[in-house]
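Below: one structure, written as structure tokens.
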Amino acid sequence: MKYKIAVIPGDGIGPEVTNQAKKALDAVAEMYNHIFLYEEAQLGTAPIETEGNPLPEKTIEVCKNADAILFGAIGDPKYDQDPSLRIRPEQGLLTLRKELDLYCNINPVKVFSQLIKNSPLKREIVKGTDIVVFRELTGGSYFGKKELSEDGEIATDISTYSVHQITRITHRAFKAAQGRRKKVTLIDKSNVLETSRLWRKTVTEIAKTYKDVKLEYLYADNASKKLILQPTKFDVILTDNLFGDLFSDELAVISGSIGVLASSSFGEENAIFTPVHGTYPEAVGKDIANPLASILSAAMLLEHLGLTEEADAIERAVEKSLDLNITTEDIKGKNKYPAKTSKVGDFIADYILNQEDSNLNFINMHAGQSTII
Ligand code: IPM
Ligand code: MN
């Protein structure tokens, strides 16, 4: 089959890791007889510099016409250090979310057994953690009216939610829970925020129509403790845009797998797949960033296209690279001969193509141990 994939490498290490994901997709295309037509589009810092706009019209068009979108990362230290800059790379991503109405951000937090040792938490606490965060992505303080008073002394971000916005993501979260451990935890601050009270009321009503799913409520401050103390107690987390941003990152770190976690964002028409990690400016151009999150984003993308077997092939290759410790320095440590970003990508692509006859020689070649040639 033929598929159109919009590719947005973005900023920082985005281009380096996205290239590895493309290698994996190319291997899948060859192995399973598909054609992936990539169309590259710009978002973030580069188009600000060339045309003063973090999200060119062309990018929106490319994304709308694609079957799925693969995205790298966004942001730049230059903008982080200067809050007075009015045009910012992140605006590009936020506008894209709005344009495509990508309201449902899904962050699966999986603990890879090979990576538990990298968790800052004790093994017995983190082992068995399997959570999916459903983060609303088009509302809240991210998109409300923003103001800075003329004298620069008072700033305002308005947070707004409608029943419609809450309803559509709630159904997605409950449906997902039905296929999992049948529990949804709504995280909010309904003891303080009006928007949270609307979330509680709306979600409680909808929950009545999913009799097999248990709904629990947690205040966000309490949740920030519980997630660290007992992450295995959670199944599906449902929350708004800002809380979802924070908790997704917290969970990614405690899983020990931040370099490996991918996420997806859905609207009714479009879907975007992206690593959970950011731009990692210190690593740019050094070929050291972990490409597995981007590669697994590509696997999620295939799953979305209905290519389950193909997605599995990528996931198996990733597991193999972790088993064999063909991994970058964030996982392996600087002093233990970590693999370069591009080498991990090569291994994954080779494994997809050769797994049936994954002979020792092939593995040795990649693991950089002995070569029997
Ligand atoms: C994310 C990112 C974005 C967000 C930034 C880059 C605007 O952190 O996708 O989680 O805050 O939503
Ligand atoms: Mn974030």
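Some values worked out for this structure:
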| quantity | calculated |
| --- | --- |
| Gained length - LEU85 relative to SER224, 0.36 nm times residue gap less alpha-carbon distance | 46.9 nm |
| Mean ellipticity per residue at 222 nm, deg cm²/dmol - from DSSP H runs of n ≥ 4 across the chain, formula -39500 (n - 2.57) | -13000 deg cm²/dmol |
| Simple label model, 7 Å out from Cα along Cβ direction - LYS340 to ARG172, nm | 3.8 |
| DSSP H segments from the chain that extend 24 Å or more along their own axis, Cα-based, with Kyte-Doolittle mean of -1.0 or above | 14-32 |
| Value of relative contact order over the stretch 103-258, rounded to a whole percent, pairs C-alpha under 8 Å and six or more apart | 36 |
| Residue list for the stretch 269-306, given a label point 7 angstrom along the Cα-to-Cβ vector of GLU49 and an amide N cut-off under 13 Å | 285 |
| DSSP-defined antiparallel bridges as percent of all bridges, the chain, nearest 5 | 40 |
| Relative contact order (percent, whole number), the stretch 35-118, Cα cutoff 8 Å, 6+ residue spacing | 32 |
| Contact order relative to length of the chain, as percent, for alpha carbon pairs under 8 angstrom and 6 or more apart | 22 |
| Whole-Å distance, taken between Cα centres, linking the stretch 134-148 and the stretch 73-108 | 12 |
| Cross-link partners of LYS208 among lysines (Cα-Cα below 21 Å; sequence separation of 8 or more within a chain) | LYS175, LYS182, LYS183 |
| Separation of alpha-carbon centers, the stretch 251-324 and the stretch 169-218, rounded to whole Å | 27 |
| Ranked list, fewest to most other Cβ atoms within 10 Å of each Cβ, for GLU309, GLU99 | GLU309, GLU99 |
| Ascending count of other beta-carbon atoms within 10 Å, so fewest first, for LYS286, LYS320 | LYS286, LYS320 |
| Nonlocal Lys pairs with alpha-carbon distance under 24 Å, the stretch 1-101 (8 or more apart, or different chains) | 14 |
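None of the figures in this text is laboratory data; all of them are computed from the coordinates on show. Fair warning: this is a prediction, and the values are worked out from it, not measured in the lab. Neighbour counts run over all protein chains shown; Cβ positions are idealised from the backbone, glycine included.
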